[in-house]
Each structure stands twice: as structure tokens, then as C-alpha cells.
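Report on the structure given below.
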Amino acid sequence: MSSCATGNAADLSSGPHVRLEASYDSLGWGFALVCVDVLHGDVDRLFHYKIPVELADSVFAGKRVRVPFGKGSGIKIGYVMSLSEAPPPDLAIDKIKDIHSVCDDFPVLTAETISLAHWMHGKYYTTLAACVKCIAPSAKADGRFPMSRRKPSDALPVPSTVALTAEQQRAVTQISEIINGGGQPPLLLHGVTGSGKTEVYLHVIEKVLAAGRQAIVLVPEIALTPQMVGLFTLRFGSAVAVTHSRLTQGERFQIWKMALTGETQLIIGPRSAVFAPFPNLGLIVIDEEHEHTYHSETAPKYDARQVAIKRGELCGAAVVFGSATPSLESYFRATEAPTRYALACLTERVNKTLPEIHIVDMRRELTRGNTSVFAGSFQEALAETLADGQQAILFLNRRGYSSFVSCRWCGHVMTCDSCRVNHTYHADKKRLLCHYCGKGVAMPEKCPACGSEHIKRAGTGTQKVEEEISEMFPNAKVLRMDMDTTCGKHGHAKILDAFKAGEAQILIGTQMVAKGLDFPKVTMVGVVAADMSLFTGDFRAGEYTFQLLTQVAGRAGRSADAGRVFIQTYNPEHYAIILSEKSDYETFYKHEMSLRRAMNYPPFSLVFSIMFTGPSEREVIDVLKKLAAIMEYCNAKDGKNRFELIGFSPAFVSMIKKQFRWKLLVKCREEAPLVAFVLYCIRKLRENDPLKNLTTHLTLNPIMME
């Protein structure tokens, strides 16, 4: 079964019979065009249904309806996308089925989000139904929306007493002018860590709400939500609502309904919050815009930044991207691209002082006989920090105790039998876990390959760091923040609240502690292993590493006390490491862009990823070979040599949940011919091969080269 769309969004939204009405009043039209909730490319189109007389006053665009569908006329949920005065000329009226019933007394889509669904359908190469389900609130298995008693906040707003710096005031003025001018162009707020980007957001949102409009603030991690919500609730009181995946389905639906009815004016949440159905949206803020979590990994594989820009175009809302380390593509659009973003810069910290950053060469530690995870200077600085009554954050982007388990006799490494990845040892569970499918096995006493007892845990994860730090500083209270410790609705908030209250002196965590957090008493940050993101094989590896190190370094010294950062590495000569020591984004940008230009990688070209997955690796490879041959033939026939094929290869993780994964990349300087080329070649492939046992994944400019 393929997830590749076979319809065309432009075809679906064109023609006189597909009119999107600003009003949802029934005008007595007799037909509805319905997107049926079936996620299959073969039925990726709108279907005409008659509107029975008894439903004439309750069927209009945006409503969910129950419709008979397929040969057996089983009842399915559908979404009314528009109304029509007449049936299509090629279909007899007696062949058109009646709408069975209406699901709700309110629309789940607005004229704006209907347009957005059509746009996503054409942009992200999946079915229209998948796009609609992504936008609309989730229902239970029986089709009903869950109810919830989560109560709206009764907090009262507190007026701002913060005096803006000159740079902050210029940014507020610039964004306000864009809002008053109809929302265009998008603006990139490039501010060093601790420069007060959040205060700029608060002042601009205050103006938006005062004008009777609404705002959305996106954050990349659930971990950032508690602090952000606290700041915004203090300023705006009960106008604030928060949504994220840890809430119950009923709670998320209630917040969606509050946005639709105007009971809340400001929603904070991760990427899915971009679809909040505000009737008069004035502003979308995307904080830490460089983060890859704004890209969905499941169909539709949307980019929340692109969706935000499209929403801004549709409703006249301003879109603000904020980051200390913007994605190269965003900074390029703000400084060099023909069609540019606006740019506002905050070049100084509010406290005027950046942390002092030390690069620690771990190779020298080995020559000195130090085989510990921690360098001597690292340990000394941490001891001084604790003695001074201050706090420290230690960062390692790998959870668990040991990253792999191997046999020292035969070299066998314990791996998941459903995924081609190493098992990670978790000491608290005393089990080996797969971080992709979640399956676990007991830690073996002997090697399953050779029977040797010389089986050993190797590598370091956050659990092991926690254990060693606790042994090194037995009187210090340590908290660990990773996927294993933040389960549950309030898992992140409990840890962060405890650390803020001084209940612990050391916070150890994965990337969820590396950005956005603001603790006045944190004067030391330690990066345990800076090299983990450098050698992933992705052309963005240098960018990711520089961003991560700069962001985590920015957690230190954000108040009156100076901060120190220790970055441990075995590659101190790498440009991403060297430039992170100076927090020198401009120089990094110029160096990285010169490499991108030489290799013809984004933003100087576009990359289209085609991945096939299936239960038979042989079949996946054979189909990809056929597609590659078709593409080579079509590229040669084109005669312009516009398309560069990067040979097919296994994905970075070549099997997940017993589904084999192989990919092919195609590069081109222009989007339209690239998209047309890829879709044409896939259609040619399907003419002789229906791909029944395979799933097709199409992604333009994937954020991670899987």
C-alpha cells in the first residue's frame, strides 16, 4: 500500500462547483463535496453527495458528516469541503448517494483551514484526508469527540514592568509594522542567547490581543512549555492556553474548542498548535525556529514553519521566527535570497555578558592517564560551582546507561531483532531497550553468539553520567531529564520546578535541557560529549552541532553571576566546535554556506527524498533500482541535465519494526521541475508495478537525511 497521493490539490480546489464560502449558512444547494476519511491514494479525491432536505440547514463547508462509502456502502466519516449547486456533468443524479447524517453542531474546519488543507495536499505529497485529519481535532474510535473537565485558567494578568532595550524596542516596532501592514513578509528575530527574545514576543502579543486578535506561540519541545506558559500566564492571565501530546485527547479537544469560540486568545504548544482554529489570528511566533522537531515525521510530513507562513498569507497574520542560531535556510532568506524575510537583530545579552567557553581536548586527558568520562578541569569547575552554592546543567544527547552491549571475545553487539539498531542498556530497568520500537530484552549473562561470559556494557548515557556524578559529589542532589524520567502529563514541569526551587544542584539531560531554559543560578554548563552529532553522515551535521553547542552554552550565566561552559571533544579542530567557543554565528554561516554552495546543497538546490519501506528487503531494493533506471532514462531524455541522482542506499536506520527502508535522493536548483520530475517517474513506475507491499515516502528538503 502506498501513501503517495495520486490526486492533484489544484484540481480539487478549482472549478465553479468548488467554492469556499466565507459564511457557513446553508443556501439550499443540493450537493456537498466530501473528503472521506480514508487514507489511501486510490480514493484521494472529493466525492459528491446529495444533501437530504432534512439536513439542508445543518450541512455546510467545514462540517463532519457520515456518508455511505464504497461498494458495501459502509458508513464513513467525511468532511464537507464545499457545496455545489449541481452534480458533476459526467455523473447521473441517481448514482449519487445521500449524506447519512451530520456528526456535530459546529464546523471542524473553517474557510481558512480548508484552503490550508488543499495547500498541504499539494505541498506534502500525501492524501487530502491525511491533511484534513492533521488539521481537525482528533475524535474517538466511534467518531465522537472526547469530553474533558480541564478547567480554563483563572489567572489575572500582570502588566509589564520590564523596560525594553533599544534593540528590543526596534524589533517590537518592526514586527508591529508588519502586523499593521497585513502580515507580510515573515520576520526572523536573530538574537543571541539571553538577549530577551521572549520579552519581544510578550510586547508584540500584548498589542495583538489589545486589537482583538489572537496569537499562537510554537515551542520545539514539551520541556520548554512549562517555563514559557509560566511567563505568558503571568503577563496575560486566563487568555493563555497550552496544548501538547501529553494532555488527554479530551483536554486537547477542549482547548481546540476554546480557540474556535474565542474563550482563549493565546495558545502555546509544539508544532501541531499551528492549526489552532482562531477566527482572527494576528500573529504566529515560532521560537527556536531552527529545531528539527518542527518537521513532522509522519504523513503529512509538514514543516510547521511553512504552514505558519501559509496561514499568515491566508488570514493576514504576521509570522515571527526567533533563534540565536537560525537555520541556514532562514538566515539566507533574511539576508541573501531574492524573496526575503525581514530581519531584526538582538546582538547583546540583557546582562551584557556572554559565558566563558572552554574547549576541552579529551585526547590530552587520555595522555595524562585520565580515562574518566569527565576531564580534570570539568570536575574542578563543577566542584567550584557547587561550593559557591550555584547550579550546573550537564548535557549528553544519549539517554540510558550504556549505548551498546558487546562481547569482548567475538565482537557481537546486541541489536534489536525488529530494527537494525543497537540495544541500549537501562540500569533502572536492568534491560536492553530499543529506542525505535520500544522492545526490551533481559541483559544476557553470556554472549548469545559465542557463549562467552565476556559480555560488557560500553558507551555512556545520561543514567551512567548521573551515577558517576552522584559518586563524585555524594552530597549534591542530582536530577535527570530525558525520555525515561519525563513520562506523564507533568513530567517535565515537575523536574524543572524542582530545579528552579533549588531542590537539586545538578540537572543532567538530553537535548531537552539544551535550549530555551532560563535558571538564574545556573553558572556552569558541561557538554559531556560534543562529537555525537558531528559524524551522522548528514550534510547538516556541522550546522546541528554548532546550534546545539551554542544553545546549551547559552543556559549559563543568564543572571548577575558570570557563566562558564566546558565542551568536551575529541575533535577540537572542527570548525563547528571552534566557532561555538566564540558563539560566532556570522563566521559559521559564511563557512558553512561556502561548503553548501560547493556541494550544491540547500539552500542552493532542493533535495527530494524518495524512500520505499516494506517487509522484504529484496523487493524494496528491486523497486528502488527500477525507479532509479526510470529517472536516469528520463533525465537523459530531458537533455538539460537538471537532475542529480544520489545513488540509492539504505536509510540511516535501515529497518524499523521489521520494515526495511531504502532511499534515493534527487537534487535540482528549481522546485517546480524537480517535483514534476519525481512524480512523473513514480507514475511511470506504478504503470508496471502497483507497489502493493510497499509504502512510498516522499519528502522535499527533509530536515534529516534518514
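The values are calculated or read from the model by the stated rules, or taken from the named source; none is laboratory data. Computed from a predicted model, the values in this text were never measured in an experiment. Positions of Cβ are generated from backbone atoms using ideal geometry, with glycine treated the same way; all protein chains shown enter the neighbour counts. To get the accessible areas, we keep the full protein, side chains included, count just its heavy atoms, and leave off ligands, DNA and RNA. Shrake-Rupley method; radii C 1.70, N 1.55, O 1.52, S 1.80 Å.
For a quick check of your reading of the filter: which GluC sites (Glu not before Pro) in the stretch 40-135 sit in a DSSP loop and have no more than 12 other Cβ atoms within 10 Å? Could you put the intermediate results ahead of the total?
Working: sites: 54, 85, 112; in loops: 85.
Filter output for the stretch 40-135: 85.
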Checklist outcome for this item: Net charge near residue 232 (other residues with Cβ under 12 Å of its Cβ; Lys, Arg +1; Asp, Glu -1) is -2
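Please tell me the relative contact order of the chain in percent, rounded to the nearest whole number, where contacts are Cα pairs under 8 Å and at least six residues apart. If you can, show how the numbers build up before the last one.
Numbers: 1414 pairs, mean separation 81.3, N = 706.
Worked out over the chain, it gives 12 percent.
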Checklist outcome for this item: Once 484, 98, 105, 287 are ranked on solvent-accessible area with the largest value leading and a 1.4 Å probe, the list reads 105, 98, 484, 287
Next on the checklist: Rounding to the nearest 10 and keeping the result within 0 to 90°, find how far the Cα-based axis of helix 304-315 lies from the longest principal axis of the chain.
Outcome noted: 40 degrees
Item to check | Accessible area of the stretch 73-208 belonging to carbon and sulfur atoms, whole % at 1.4 Å probe | outcome: 54 percent
Checklist outcome for this item: Sorted largest first, the Cα spans of the stretch 474-579 on the principal axes come out in Å as 39, 34, 27
Next on the checklist: Starting from 0.36 nm per residue, how many nanometres of slack lie between residue 445 and residue 248 once their C-alpha separation is accounted for?
Outcome noted: 66.8 nm
Checklist entry - With every protein chain kept in the model, how would you rank 468, 251 by accessible area, 1.4 Å probe, largest at the top? => result 468, 251
Checklist entry - Which of the lysines could a cross-linker bridge to residue 71, judged by Cα under 28 Å and excluding same-chain residues fewer than eight apart? => result 50, 63, 95, 97, 133, 140, 692
Checklist entry - So what does residue 686 come to for accessible area, using a 1.4 Å probe and Å² rounded to 10? => result 60 Å²
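On average, how much accessible surface per residue is there in the chain, in Å², for a 1.4 Å probe, leaving out ligands, DNA and RNA?
Details: 30400 Å² over 706 residues.
Per-residue accessible area for the chain comes out at 43 Å².
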Checklist entry - Can you give the accessible area of residue 388, probe radius 1.4 Å, in Å² rounded to 10? => result 110 Å²
Item to check | Proximal aspartates and glutamates relative to residue 626, as straight alpha-carbon distance under 16 Å, when same-chain residues fewer than 8 apart are discounted | outcome: 617, 687, 689
Checklist entry - Which label belongs to the value computed from this structure, given these candidates for Kirkwood radius over Cα pairs in Å: (1) 27.7; (2) 26.9; (3) 35.3? => result (1)
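Rounded to the nearest 0.05, what FRET efficiency do residue 358 and residue 535 have when you use their Cβ-Cβ distance and R0 = 30 Å? Show your work: numbers first, answer last.
Working: r = 23 Å, r/R0 = 0.75.
The computed FRET efficiency comes out at 0.85.
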Checklist entry - Any idea how far the Cα center of the stretch 47-69 sits from the one of the stretch 445-465, in Å? => result 61 Å
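At 0.36 nm per residue, and after removing the present C-alpha to C-alpha distance, how many nm does the segment from residue 704 to residue 38 gain when stretched out fully?
Details: separation 666, 0.36 × 666 = 239.76 nm, distance 2.85 nm.
Between residue 704 and residue 38, full extension yields 236.9 nm more.
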Item to check | Cβ charges +1 (Lys, Arg) and -1 (Asp, Glu), total dipole of the stretch 431-490, debye | outcome: 220 debye
Checklist entry - If you take the Cα atoms of the stretch 553-706, find Rg, then find the Kirkwood Rh from the mean of 1/r over all pairs, what is Rg/Rh? => result 1.13
Next on the checklist: Accessible area of the stretch 469-579 with a 1.4 Å probe: how many percent of it is carbon plus sulfur?
Outcome noted: 54 percent
Next on the checklist: Can you compute the modelled spin-label distance between residue 456 and residue 90, with each label point 7 Å from Cα toward Cβ, in nm?
Outcome noted: 7.0 nm
Next on the checklist: How many angstrom lie between the Cα centre of the stretch 502-537 and the Cα centre of the stretch 609-683?
Outcome noted: 38 Å
Checklist outcome for this item: Once the in-chain neighbours fewer than 8 apart are removed, the aspartates and glutamates whose Cα is under 13 Å from residue 123 read 303, 671
Next on the checklist: What three numbers, in Å, describe the spread of the alpha carbons of the stretch 588-679 along their principal axes, ordered from the longest?
Outcome noted: 43, 37, 18
Next on the checklist: I want to check the label-to-label distance for residue 633 and residue 561. Put each point 7 Å from Cα in the C-beta direction and report it in nm to one decimal.
Outcome noted: 7.0 nm
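Report the net charge of residues surrounding residue 494, where surrounding means a beta-carbon distance below 13 angstrom and charges are Lys +1, Arg +1, Asp -1, Glu -1. Mind dumping the intermediate values first?
Details: positive: 246, 480, 489, 500; negative: 497, 503.
Value of the local net charge: +2.
Per the Kirkwood definition applied to all pairs of different Cα atoms, how many angstroms is the hydrodynamic radius of the stretch 47-150?
Values: mean 1/r = 0.0669 Å⁻¹.
After inverting the mean inverse Cα-Cα distance, the result is 14.9 Å.
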Next on the checklist: Tell me the mean residue ellipticity at 222 nm calculated for the chain from its helices only (DSSP H runs of n ≥ 4, each -39500 (n - 2.57), averaged over every residue, nearest 500).
Outcome noted: -9500 deg cm²/dmol
Next on the checklist: Residues of the stretch 212-248 with the amide nitrogen closer than 18 Å to a label point 7 Å from the Cα of residue 483, along Cα-to-Cβ, please.
Outcome noted: 220-224, 245-247
